[in-house]
Amino acid sequence: MESKSEKIVLFPGLKKTLEEESLKALQEKRYEEALGKLNQLISYHEHSHEIIIGKLICLMELGKHEEAQDLCEDLLHYKDENYFHYVHIYLTILFQTSQYSLLMEQVEAEFEKNNLPELLHEQFKQLYDMSEKMKLDFIVEESSSIIDELFAAVNQDNHIEQWRVVDQLRNMKAQPVNQVLSLLTNDHVHPVIKTAILAWMKDKHISDEVEIHKFNTSMTVIPFEIPYIKVNEIYKQILLVMRDVEQDNPTLFQLLEQLLYRYVYVIYPFMPSTEDIVDIAAAIKNIGNQYLHIQTTESGVSNAKVQHYMNEIRMCDSLYLSIIED
């Protein structure tokens, strides 16, 4: 009986009735009713362009943007003769739902294919430009309130919150404002946070001189010109001195690398003298051996300079781990 019912629904007369009723409901803005009839047609494998467009209109008018977006993304895979019409609707949905980055990526992909009709090229370019502006405006507006959160965390000496907010601002590619630069000389800001701020400034190509204070020492730097930690020459030289451990004990070497990175991260951009590279490597090795309970015959611990660096590295390790969980 069920199969006969299905055949009756597929009669041309009934199909035409459903199409006419859905169109009338659409014209009279009875979108819920229209959507029900269109879904009935689709359930019997009627997928004409008009039916699909009608469904997309209903979904958008009913505020079901996520469903409309999913349908568009499915349609784009077919790349049929209506492809560009669906792309246009897709971009419109992305714009209406403030998904500016995704919209810009889609437009860039269409431009790269180099087969976009001229009329659509101009329309897509306008959508792209508007999205770029809206995205920048959104970042500026959003970052302004987030920067307020950062200063509230500084006033409360909440170092974990300071880290979270700086990390958020860096990830959203916000521009560091002059207020933020002042944090580099603020003693209430954790040294780990200052390194994160400096890295954020480097990301944003800040080429003005800024002053930074850490551990009762100050210096002036140009963030853009400072190398990232792992390409810093002194960092690389210390790591090189410890390379002999890697083959014999990879687990120990991994720990030594972590200790070095955390140490340099906390003190950055201040770096020890090249004359102390061997002593720092010895200090890190001693700490690593102690952490892993490895017996060693090295007498390096009796060296005053090595002992000094062991104390400093342990302190920096503690400061790093108080903010960042590896």
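The values are calculated or read from the model by the stated rules, or taken from the named source; none is laboratory data. Just so it is clear, the model here is predicted, and its values are computed rather than measured. Counting neighbours? That spans all protein chains shown, and the Cβs are built from the backbone with ideal geometry, glycine included. The area values use the complete protein model at the heavy-atom level, side chains included, leaving out ligands, DNA and RNA. Shrake-Rupley method; radii C 1.70, N 1.55, O 1.52, S 1.80 Å.
Here is how the numbers come out for the structure above:
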item: Region 111-141, subset of a type in the set (Asp, Glu) and under 25 Å from the mean Cα position of the chain (by Cα), residue farthest from Lys173 (Cα to Cα); result: Glu112
item: Condition broken by Asn216, with the remaining ones in (1) under 30 Å from Val180 (Cβ atoms); (2) open to solvent by less than 50 Å² (accessible area, probe 1.4 Å) satisfied; result: (2)
item: Any hit, region 69-76, residues being touching a residue at least 24 places away in the same chain (Cβ under 8 Å) and open to solvent by 40 Å² or more (accessible area, probe 1.4 Å); result: no
item: Every pair of residues 6+ apart whose Cβ atoms lie under 9 Å, when the first sits in region 303-326 and is small (Gly, Ala, Ser) while the second is open to solvent by less than 20 Å² (accessible area, probe 1.4 Å); result: Ser322/His190; Ser322/Val192
item: Residue within region 94-114 that is assigned to a helix (DSSP H, G or I), touching a residue at least 12 places away in the same chain (Cβ under 8 Å), under 29 Å from Thr17 (Cα atoms) and hydrophobic (A, V, I, L, M, F, W, C) present; result: no
item: From the options Lys15, Lys64, Lys7, residue that is surrounded by 14 or more Cβ atoms within 10 Å (Cβ to Cβ) and modelled with pLDDT under 90; result: Lys15
item: Criterion: assigned to a helix (DSSP H, G or I), at pLDDT 95 or above, under 23 Å from Leu319 (Cβ atoms) and open to solvent by less than 40 Å² (accessible area, probe 1.4 Å) - qualifying residue of Leu169, Leu260, Leu252, Leu183; result: Leu260
item: Region 226-248, subset in contact (Cβ under 8 Å) with a residue 12 or more places away in the chain and outside any helix (DSSP H, G or I), residue most open to solvent (accessible area, probe 1.4 Å); result: Tyr228
item: Checking Ala304 against (1) open to solvent by 60 Å² or more (accessible area, probe 1.4 Å); (2) within 30 Å of Ser182 (Cβ to Cβ); (3) aliphatic (A, V, I, L, M), the condition it does not meet; result: (2)
